[in-house]
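Presented below is the structure to which this report refers.
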Amino acid sequence: MTLAIVLAAGTPAAGLTTATGEPLADRLAAQLRRAGADEVRFAATLDELTDLVATATAPVLITGTDLVAHTAVLRHLATSPVGPTVALVLGDPPVPGRTAVREERGQVVDAGALDALDGDATGVFGGALRVGVDDLPTLAAAARAAASGMLPVAAPIGPVGDVAPLPTTAGAGGSAAAGAPGPAVDRLFAGLAALGTLIFAQRVRLLVAHRVEDTAGLAVAEAAVTAVDEDRAELRLSVKEKDDFFSTYFVSTWSPYLVRLSARLRLTPTGVTVISVLFALAAAVLFGVGGRPALVGGAVLLYLGFVLDCVDGQLARYTRHFSAWGGWLDTMADRAKEYVVYAGLGFGVSHAGLGNGWALAIAAMTLQTVRHMTDTWYGVLHDEAARRPRTATNASGGIGDRLNAASTRVQADTGSLSYWLKRTVVFPIGERWALIALTVALFNPLVSLIAVLVWGVLAFAYTGALRTLRARWMWVPVLDTVDATLHRDDGPLARWLPVLRPMGPLTLAVIAALGPAVLLVGALLNDAPDQLRWAVPVALLVLLVGGLGAGAAHNGPLDWLVPAALRAAEYLFAIAVGVVGGVPGWLIFGYVFVLTVHHYDLTARLEKRQAAPPLHAATLGWEGRSVLVALAAIVGIAGVGLATLGAYLLVVFVVSVVLAWFVRPARSARASVAPAGVGGAAPR
């Protein structure tokens, strides 16, 4: 049950009356209920708020009594999917008496008085926040500190995240000091940020939100709210603020009409996702059939499938129907659709006698998956760097600093040529689908796959080079703060291997990929690749070198590349074994496809801070799977080995999905309503 608290302490607007004659605080309470709060309580002091938070078992919404906004603003805050704890951030110029905010990559990385941020403020606190369940103890600590006249201030006295309580110059209940300005809700927010809580920023776009202090300000704010059509603004807000070129100009210009139609038809985002999958499947079939009408028809279906792929997210934002299941399904469906299209193109190339289409499809899928793995971990690196004190990122004015500044300038110059070039050169999904549709309709599947590979390689080289330079400049460890074994997808064998620390986990992972790469090149250049069966054990031994870094600290500036390097090593080894063993191209593609599904499942969960898949241990780890594939090749049954292991992994994946998203939630729901000690058994 979501609890909303209206905090009146220290707010000059506490006694203001709206144009309709009701107190502003009462109107906020009504809006919070419409925004989804099950219970709304008033707190006159921070001590009262602390008592209310102590009994909460669900996320808590907190607002001051000086906020004038559309109800949708509060609903967006309450339902924001970006993270458990989210704060409303306004683009108003920072002024004395309000908590200024500095945000990077959507995270609040600093909050306090304007002069305390040294001119780096990017906005001001909007007087409302949602606090996740896990952060409620920290919220209570921040409230107690603010109530007693103490402000928790981050202090560079130890590792990142250490904080020291420093006294403000104000007494309890008085005005805050420089570190915690304004009303009690501002001091509460500043304290929560100072205690190291990961807070995401919820910006107001198209809608209206203002904090007021007097009757004149209230009248101006109410007029601004009335002037904006809330539903029309929400429909426009369903479109991403910054999307890629193709999506912006060839999809989002008309997809909101489909969003409104879908909402009227009561379609769910998941339902739209399923329809988009069907469109992609139909396109893949037509690409495989071949012939100009089929290719053109497939291109049209592919485009429409991508439109629906955008619509599902827009519908979720418009209806505020977010769920962990929906986010996971959208991620998995995106990759599955793209790789099924690659399969259709590959079959079409081979069917038309244009070449080895399956080899091109396998290469495109492998390249794209490894790229996505680097994207994931670079994003985590950047988020972690944003949260660290600036002195910890080695901001010395070197090439990394200049690249970072240049990237920031380009991103800020929205709509410029450089802005669109930067967003397009990295070959995002919209551009990939557009390129496939155009090339297959105008030429054939062979040209389409080659175009995808060429642009993909260039984009990988471009992003890899720039990110490497920036990562060395930031020098922020990422994998040493988490369970590296899980993120690496290690199995039992890797954990049993000795640790070779001097070389570092990244060097070992790269060496692990080189062995299979050499075997694959040799097999492709050999007229009789089966003669290289003796080299499979050698390549396996080189591959297992990657396991020698499993127990080492992953704290190097480039160790965020380790998971991607291990993915590349496993895929290359499986492909090489398939080529050496004379396995049909479609079967190699199918096995690698199952591996990518497993890895995307793992990555999607880790990105959303969820636990590993229920049967993760049963997937054997990258090294365990590679050993089994190698044994099958050595005894001459590589095809049987790939097919059997692939089917096994697919079954494990399906069972894990059922357990994680259906069985376990149902059990938890039943357990939460079952009376203690039913049937005479003692509760455990």
Requested in this report: Scan T50, T45, T55 and give me the residue that is within 17 Å of T138 (Cβ to Cβ), open to solvent by 40 Å² or more (accessible area, probe 1.4 Å) and not aromatic (F, W, Y).
Outcome: T55
Query - Of residues in region 544-557 being within 30 Å of the chain's Cα centre (by Cα) and among the hydrophobic types (A, V, I, L, M, F, W, C), the one farthest from W475 (Cα to Cα) - result: L548
Report summary line: Scanning region 447-485 for residues that are over 21 Å from the mean Cα position of the chain (by Cα), assigned to a helix (DSSP H, G or I) and of a type in the set (F, W, Y) gives W455, Y462, W473
Query - Residue in region 334-355 that is nearest to the chain's Cα centre (by Cα), counting only those that are open to solvent by less than 10 Å² (accessible area, probe 1.4 Å) and aliphatic (A, V, I, L, M) - result: V341
**Report entry** Which numbered condition V133 misses (of (1) surrounded by 19 or more Cβ atoms within 10 Å (Cβ to Cβ); (2) at pLDDT 90 or above)
**Finding:** (1)
Requested in this report: Identify, by number, the condition in (1) at pLDDT below 95; (2) open to solvent by 50 Å² or more (accessible area, probe 1.4 Å) that G400 doesn't meet.
Outcome: (2)
**Report entry** So D330, is it more than 30 Å from R264 (Cα to Cα), out of contact with any Phe, Trp or Tyr (no Cβ under 7 Å at 6 or more places or on another chain) and in a helix (DSSP H, G or I)
**Finding:** no
Query - Considering residues of region 483-505 that are without any contact (Cβ under 8 Å) to a residue 60 or more places away in the chain and under 23 Å from Y600 (Cα atoms) only, the residue most open to solvent (accessible area, probe 1.4 Å) - result: R495
Requested in this report: Residues being touching a residue at least 60 places away in the same chain (Cβ under 8 Å) and surrounded by fewer than 17 Cβ atoms within 10 Å (Cβ to Cβ): count how many of those fall in region 93-105.
Outcome: 3
Report summary line: Condition set under 27 Å from the mean Cα position of the chain (by Cα) and of a type in the set (A, V, I, L, M, F, W, C), scope region 607-646, selection modelled with the lowest pLDDT: answer is A611
Report task. Mind checking which helices (runs of 4 or more DSSP H) fall wholly inside region 486-550 and carry at least 1 residues that are within 26 Å of R609 (Cα to Cα)? Result -> 492-496, 505-525
Query raised in the report: Looking at (1) under 35 Å from the mean Cα position of the chain (by Cα); (2) over 19 Å from V627 (Cβ atoms), which is the one condition that is false for D527?
Result: (1)
Query raised in the report: Going through region 278-307 one residue at a time, which ones are open to solvent by 30 Å² or more (accessible area, probe 1.4 Å) and over 24 Å from S350 (Cβ atoms)?
Result: L278, Y303, L304
Report summary line: Scanning region 220-239 residue by residue, those open to solvent by 60 Å² or more (accessible area, probe 1.4 Å) and among the charged types (D, E, K, R) turn out to be D229, D231, R232, R236
**Report entry** Residue in region 356-381 that is farthest from T468 (Cα to Cα), counting only those that are of a type in the set (A, V, I, L, M) and either outside any helix (DSSP H, G or I) or open to solvent by 20 Å² or more (accessible area, probe 1.4 Å) (or both)
**Finding:** A359
**Report entry** region 550-564 - residue that is touching a Leu at 6+ places or on another chain (Cβ under 7 Å) and closer than 20 Å to T603 by Cα and, of those, surrounded by the fewest Cβ atoms within 10 Å (Cβ to Cβ)
**Finding:** L558
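The values are calculated or read from the model by the stated rules, or taken from the named source; none is laboratory data. None of the values given here were measured: they were computed from a predicted structure. So basically every Cβ, Gly included, is an ideal-geometry build from the backbone, and we count neighbours across all protein chains shown. The protein model used for the area step is the full one, side chains on, heavy atoms only, and it has no ligands, DNA or RNA in it. Shrake-Rupley method; radii C 1.70, N 1.55, O 1.52, S 1.80 Å.
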